[in-house]
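A.B. asks: I'd like to ask some things about the structure below.
Computed from the coordinates by the stated procedures, all read-outs in this text should not be read as laboratory data. This one's a predicted model, so the numbers in the text were calculated from it and none came from an experiment. Every residue, glycine as well, gets a Cβ built from its backbone with ideal geometry; the counts of neighbours run over all protein chains shown.
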Amino acid sequence: MNLNRRTVLLGMAAASPLATAGRLWAAPFGGSRLLVVFLRGAYDATNIIIPTGSDFYYASRPTLAIPRPDSTNPHAALPLDAAWALHPALRDTILPLYQKGEVAFIPFAGTDDLTRSHFETQDTIELGQDIKGSRNYRSGFMGRLAQRLNGASPISFTPQLPLTFQGAGAIPNVAINAVGKPAITAHQAQLISNMYAGHPLASAVDEGFHVRDDVYHAITDKLTQASRGAASPKGFELSARRIGQLMRDRFSLGFVDVGGWDTHVNQGGATGYLADRIGELGRGLAGFSEEIGSEWHNTVVVVISEFGRTFRENGDRGTDHGHGSIYWVLGGGIKGGRLAGEQIPVDQKHLFQNRDYPVLTDYRALFGGLFTRMYGLKQTDLQAIFPAARPTDLNLV
């Protein structure tokens, strides 16, 4: 085997992202935990947190609209307050958390990016920079947050490190759905450790392999128990439970993305494609809250998407790229059970460009307010994380 230290370090970074020389991730963090769930593809928030008090909603969606609350109709929306209701696919998962005050929804939320491009707007959110300036793709907002949290232990549950964690040094990432043997075998790991014996990086290399093995076993053991040795199950539901286990025991700052939300055609209403996707998401989030155990009271989960979708359905019984969305904030210690943030009537007059929800709560302002409450960050820190943005305290934590 022809190995040198540079080759080994590059190989470890690619094959075992959790093995990071120069920075250790073994110590658990005793403070608040944050998980950001990014729904890539722009989910149709209007059919999930439904403006059932709006006649305009029902006129705009003749085939997609969810029926108004009706206890005798299993496909009817589930009332949240006099004006808003929840998709029936979330009856057994998110609704009970909302009723316990552990979920808040923030309507009319989003960015000042008007491109309606998935990639452009996803980048805008992950970078967290002033849209009027030039983009620095080596500096994401969660990376800047990690740099300011003493003792935090970040991780991205993604195959590659996302933009949002760029600029924070060696952040581990792991594809939470991937199950298989580690790319570096135990024998190879021992050879590498022996090669570093006596070197200043020896302890970091050994610790990197130790953390990799811990996470690998946490993932594969959980899957084996759940599936009785069957092939790896897919879907966010089981992934979220594994994420909950890892964040309970080791990590305090996490990011995960969930795809499949671009519903231009045959979106469905109370049943169908979107209903199935949102049901899976709900089960995953509920499972996460159960798996993380007592740490649920120290945890905040924020569910975001790059933008909303058109308020009116299109000719293909779907919805197109829009603007404003509805974000979720969950946690055992939040002040939920409500719709938070600035709100306006849901009617044609208040649509943005006569097609979309407007953005009344900027995503940077929302996160900034949460960071102030969760971590006690000062204004100088918040400006470093979100330049040119002001935090909005929605009294969620």
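A.B. asks: Between the DSSP loop rule and a limit of at most 14 other Cβ atoms within 10 Å, which chymotrypsin sites (Phe, Trp or Tyr not before Pro) in region 111-178 are left?
C.D. replies: Of the chymotrypsin sites (Phe, Trp or Tyr not before Pro), the ones in loops of region 111-178 whose Cβ has at most 14 other Cβ atoms within 10 Å are Tyr137.
A.B. asks: Next question, about the same structure. If I model a spin label as a point 7 Å beyond the Cα along the Cα-Cβ vector, how far apart are those points for Ser71 and Asp92 in nm?
C.D. replies: About 2.1 nm separates the two model spin labels.
A.B. asks: Are there GluC sites (Glu not before Pro) in region 239-342 that DSSP marks as loop and that have at most 14 other Cβ atoms within 10 Å, and which are they?
C.D. replies: Numbers: sites: Glu280, Glu290, Glu291, Glu295, Glu306, Glu313, Glu342; in loops: Glu306, Glu313, Glu342.
Filter output for region 239-342: Glu342.
A.B. asks: What spacing in nm lies between the two simple spin-label points modelled at Ala59 and Lys349, each 7 Å away from Cα in the Cβ direction?
C.D. replies: Reported label-point gap for Ala59 and Lys349 is 1.3 nm.
A.B. asks: Which of rounded, prolate or oblate describes region 253-397 when judged by the alpha-carbon gyration tensor and an a/c cut-off of 1.5?
C.D. replies: Numbers: a/c = 2.20, a/b = 1.31, b/c = 1.68.
Judged from the Cα gyration tensor, region 253-397 comes out oblate (a/c at least 1.5, b/c at or above a/b).
A.B. asks: Averaging over every viewing direction, what projected area does the convex hull of the Cα atoms of region 261-334 cover, in nm²?
C.D. replies: Values: hull surface 21.8 nm².
Averaged projected area of region 261-334's Cα convex hull equals 5.4 nm².
A.B. asks: Over all directions, the average projected area of the alpha-carbon convex hull for region 59-103 comes to how many nm²? Present the calculation step by step, with values, prior to reporting the outcome.
C.D. replies: Working: hull surface 14.6 nm².
Seen from a random direction, the Cα hull of region 59-103 projects 3.6 nm² on average.
A.B. asks: While we're on this one: Straight-line reach only, C-alpha to C-alpha below 16 angstrom: list the aspartates and glutamates that Lys132 could link to, leaving out same-chain residues fewer than 8 apart.
C.D. replies: Counting by Cα, and skipping residues close in sequence, Lys132 has these aspartates and glutamates nearby: Asp112, Asp113, Glu120, Asp123, Asp362.
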